[in-house]
Amino acid sequence: MTRIFNAEFIRSCWQAEQFPRDRLPEVAFVGRSNVGKSLLINSLLQWKGLAKVSRTPGKTRSINFFRVSTADPLVRRFYVVDFPGYGYAKVAKSVRAQWGPIIEQYLRTRSELLGVLLLVDSRGVSPLDRETWEWLRTLGLEPVLVATKIDKLTRSERRGTLTMIREIFDVTGDEAVIPYSSVTHDGREELWRAIRKMFVTHNAS
Ligand SMILES: Nc1nc2c(ncn2[C@@H]2O[C@H](COP(=O)(O)OP(=O)(O)O)[C@@H](O)[C@H]2O)c(=O)[nH]1
Ligand SMILES: [Mg+2]
């Protein structure tokens, strides 16, 4: 179990000038509006109410930075970067257009960015999730897939769902998609393992 020393909200950014300057590594959390991103961040960091669970989807247009310190020497200090959710707009727009230039600039140029977690709802993947996946990969990022709200499925539904998600994103292996529940905290260790791997890969390159 990864012991968290501290997790705190630092700031919401609307402009690149506002991004933190202390050069800590960053892990970005990305997903459709209402996918369960805020609750997952709370669950992962064992910090109830840290990332405010919003009742008005799509309200947050900013990039939010949370500074985390843990007892794990490999993952001593880093930022959790909470992206705006996509897919809430009534008008059909590409994810790229919904996010706007700041996010694109962040994804293209942020040297602190270690990796991206792409959250998808285990009850249904959206074409926008697939579009985001493709776009992130075009940018040279290799997102880690997380299937949220897994507690809403029965044991027997889970296996089929995970197989389906692997097919949609064309990935293989049991570890390609991490099933997660912010209610039971299922998947928390696996998610920490994936984050640790980002640090190892980064340090090695
Ligand atoms: N059962 C269940 N509900 C969840 C889970 N994660 C989020 N939810 C619910 O899904 C809704 C959206 O969650 P939230 O974290 O605000 O999503 P966000 O918009 O992606 O930040 C809320 O009503 C949550 O209670 C989960 O793991 N299990
Ligand atoms: Mg949220």
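The values are calculated or read from the model by the stated rules, or taken from the named source; none is laboratory data. This is a predicted model, so every value here is computed, not measured. For neighbour counting, all protein chains shown are included, and Cβ atoms are generated from backbone atoms with ideal geometry for every residue, glycine included. Protein only, heavy atoms only, side chains kept; ligands, DNA and RNA dropped before computing areas. Shrake-Rupley method; radii C 1.70, N 1.55, O 1.52, S 1.80 Å.
Couple of notes before you dig in:
- Residue in the stretch 159-167 that is part of a helix (DSSP H, G or I), hydroxyl-bearing (Ser, Thr, Tyr) and touching a strand residue (DSSP E or B) at 6+ places or on another chain (Cβ under 8 Å) present: yes
- In the stretch 155-196, the qualifying residues are those that are among the basic types (Lys, Arg), free of Cβ contacts under 8 Å to residues at least 24 places away in the same chain and farther than 25 Å from residue 131 by Cβ, and the one that is least open to solvent (accessible area, probe 1.4 Å) is 193.
- Pairs with Cβ under 6 Å, 6+ apart, first in the stretch 31-42 and among the small types (Gly, Ala, Ser), second more than 6 Å from ligand 1 (Cβ to nearest atom) and not in a strand (DSSP E or B): 33/58; 33/87; 33/88; 38/51
- Restricting attention to the stretch 136-151 and to residues that are assigned to a strand (DSSP E or B) and either within 16 Å of ligand 2 (Cβ to nearest atom) or in contact (Cβ under 8 Å) with a residue 40 or more places away in the chain (or both), the residue that is farthest from the chain's Cα centre (by Cα) turns out to be 148.
- Residue check for residue 91: aliphatic (A, V, I, L, M) and either modelled with pLDDT under 95 or assigned to a loop (DSSP other than H, G, I, E, B) (or both): yes
- Of all residues in the stretch 147-164, those satisfying the criterion of being away from ligand 1 (no atom under 14 Å from the Cβ) and not β-branched (Val, Ile, Thr) are 155, 156, 159, 160, 162, 164.
- Check on residue 132, of a type in the set (Val, Ile, Thr) and without any contact (Cβ under 8 Å) to a residue 24 or more places away in the chain: no
- Residue count for the stretch 104-135, restricted to those that are hydroxyl-bearing (Ser, Thr, Tyr), assigned to a loop (DSSP other than H, G, I, E, B) and surrounded by fewer than 19 Cβ atoms within 10 Å (Cβ to Cβ): 2.
- Of everything in the stretch 1-47 that is hydroxyl-bearing (Ser, Thr, Tyr) and in a loop (DSSP other than H, G, I, E, B), the residue that is most open to solvent (accessible area, probe 1.4 Å) is 33.
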